[in-house]
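The values are calculated or read from the model by the stated rules, or taken from the named source; none is laboratory data. Worth saying up front: this structure is predicted, and the values here are computed from it rather than measured. As a convention, Cβ positions derive from the backbone with ideal geometry for all residues, glycine included, and neighbour counts pool all protein chains shown.
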Amino acid sequence: MTGRMDVVEVLAAAQTLRVPAVVDLAAIVVGALTGGLLAAREGFAVSGVLLLAVSGGLGGGLIRDVLLAEGPPVALTNPAYLPTVAVTAAVTFYFSGWLSRLTGLLVVLDALTLGFFTVIGAQRAQLAQLPSASVVFIGTVTAVGGAVIRDVLLAQRADIVQPGPYNAVAALLGAGALTVLAGPLHLPQLPVAALVIVLVAGLRVLSVWRGWEAPVAVDLPKRARSRLVNRRSTGRRRDRRRR
């Protein structure tokens, strides 16, 4: 029985999303660009631009690896990650004005990055055999953790907790879909990963394009009382008109 379980785990690991190195680095570059551009707009020094670029490009992965406790974070063991972020920070430091004109392209690339990071984080959690709720949590944190660190460094309220285009919401829905499809339903990992990337990226882009905002807290008893009061007032007006 143990041998069969080992074979299943090996097959599951083999089916996980193997992101090509170029795509992986491209996702890190887009995250670093976002952080670096924000630092440049705020008039930060070169150290600030570099710090926000690191948080945007590698922050989510760092949080994921620390939570999974599987040894040194990949951001530190992969020889290409930190140099890539450093070069990206240098580009944003000197060409922030030109890069700011590519807003539409950066939105699409950022959405795809959100999808990739969601899938990578959730699949890493599945390989660690974590419960479904933990898989969703790790996938979401991997996708938005860098943005949270960035906003903390900027001394502002985290963007993901404010009403606005889907970010954490898209990652949460994507991680939840991956957990169900690749978990209880046992669908192949690669098609599920591709579907989730499209889902997360599509939700993010559509929310920006259509102006959709994440839902905010609602006081249901208060809303119910307001509707009841309105109905009573409407009924009284009608009665007066009939008289």
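Comparison of Ala122, Ala128, Ala168 shows that the only residue that is surrounded by 18 or more Cβ atoms within 10 Å (Cβ to Cβ), more than 19 Å from Pro215 (Cβ to Cβ) and either at pLDDT 85 or above or not hydrophobic (A, V, I, L, M, F, W, C) (or both) is Ala122. Scoring Gly115 on the criteria (1) among the small types (Gly, Ala, Ser); (2) under 20 Å from the mean Cα position of the chain (by Cα); (3) surrounded by fewer than 24 Cβ atoms within 10 Å (Cβ to Cβ) leaves a single failure, condition (3).
Kindly establish whether Ala193 is in contact with an Asp or Glu (Cβ under 9 Å, 6 or more places away or on another chain), assigned to a helix (DSSP H, G or I) and modelled with pLDDT of 80 or more. Spelling it out, it is not the case that Ala193 is in contact with an Asp or Glu (Cβ under 9 Å, 6 or more places away or on another chain), assigned to a helix (DSSP H, G or I) and modelled with pLDDT of 80 or more.
Residue-by-condition table, conditions (1) modelled with pLDDT of 85 or more; (2) of a type in the set (Phe, Trp, Tyr); (3) more than 16 Å from Thr142 (Cβ to Cβ):
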| position | (1), (2), (3) |
| --- | --- |
| Ala13 | no, no, yes |
| Leu33 | yes, no, yes |
| Gly36 | yes, no, yes |
| Gly59 | yes, no, no |
| Asp65 | yes, no, no |
| Leu68 | yes, no, no |
| Ala80 | yes, no, yes |
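Just one of (1) out of contact with any Leu (no Cβ under 9 Å at 6 or more places or on another chain); (2) of a type in the set (A, V, I, L, M); (3) under 25 Å from Gln123 (Cα atoms) fails for Ala201. It is (1). Taken over region 39-56, the residue count meeting the criterion of being buried (at least 24 other Cβ atoms within 10 Å of the Cβ) and either modelled with pLDDT under 90 or not in a helix (DSSP H, G or I) (or both) is 2. Scan region 150-198 for residues that are in contact with a Leu (Cβ under 8 Å, 6 or more places away or on another chain) and under 30 Å from Gly48 (Cα atoms) and jot them down. Once the filter is applied, which keeps residues that are in contact with a Leu (Cβ under 8 Å, 6 or more places away or on another chain) and under 30 Å from Gly48 (Cα atoms), region 150-198 yields Arg150, Leu153, Leu154, Tyr166, Asn167, Val169, Ala170, Ala171.
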